[in-house]
Amino acid sequence: MTDHTAPQVVRNYLAQLETALTGVSTDVRDGIVAGVAEELSGLDAAAAAERIETLGDPAFIAAEARAESPAPVVTAPAPAAEFGMSSQRWYIVLTTVLLEFGGIVIPLAGWVVGIMLLWASPLWTRAEKLVATIVPPAAAVLVVLGALVLDLMSTTRLPDGDAEPINPLVPTTLWNASLLAPLAAVIASIVIGIVLSRRAWRRTAR
């Protein structure tokens, strides 16, 4: 059923979707795959990748198909991390709260637990999970780098090689960075947690 002339990203997505739908009745499975293939038909790789992000993880689509199936399908039990408790709304609340405030309550460890719960759930796309994992640490690193650049700009070299502050009112750079870097990571985590919570809430409401 896969169109071999379609971009690789489309073929990969359709193959993952067919695999995720294993055990769903043939009519339902073929209908879903055909509908998605038609929606992605004619798109170039960039446009298809953008559209795939809105369609969501194949595992989540398969979970919805199983939930709406009129008759139970006999198949191998799906991992709980894909189709069980990780698709419940309380799981959304727990995960996003840990992402937003876990690092404050239990420094670093609470945020790490939130990231683990995030990756275990099919409610969020791979891109969303990557953003939540990478952006907060990256924000902290950027603050440190910015502070170091500011420190270099605020000093000058004397003839004997010693560094002399251009502006003696500039605070100690590394001290400021040690305070601002965690704050930047927390702010980024809070913003991301709010966005992910809203998206997952809409997906469970469909």
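Structure values in brief
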read-out	value
Estimated FRET transfer efficiency when R0 is 25 angstrom, pair Ile134-Glu39 (beta carbons, to 0.05)	0.30
Distance in nm between pseudo-label sites at Ala109 and Thr19 (7 Å out along the Cβ direction from Cα)	3.5 nm
Potential lengthening between Thr5 and Ala49 on full extension [0.36 nm per residue; Cα-Cα distance subtracted]	14.3 nm
Length released on extending from Arg202 to Ala127, taking residue separation times 0.36 nm less the Cα-Cα span	25.3 nm
Efficiency of FRET between Glu68 and Trp119 - r from beta-carbon atoms, R0 25 angstrom, step 0.05	0.45
Gain in span if fully extended, Leu183 to Leu94, counting 0.36 nm per residue against the direct Cα distance	29.9 nm
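No lab work stands behind these numbers, since they all come straight from the coordinates. Values in this document were obtained by computation on a predicted structure and should not be read as measured data. Because the Cβ atoms are built from the backbone with ideal geometry, glycine has one as well, and the counts that use them run over all protein chains shown.
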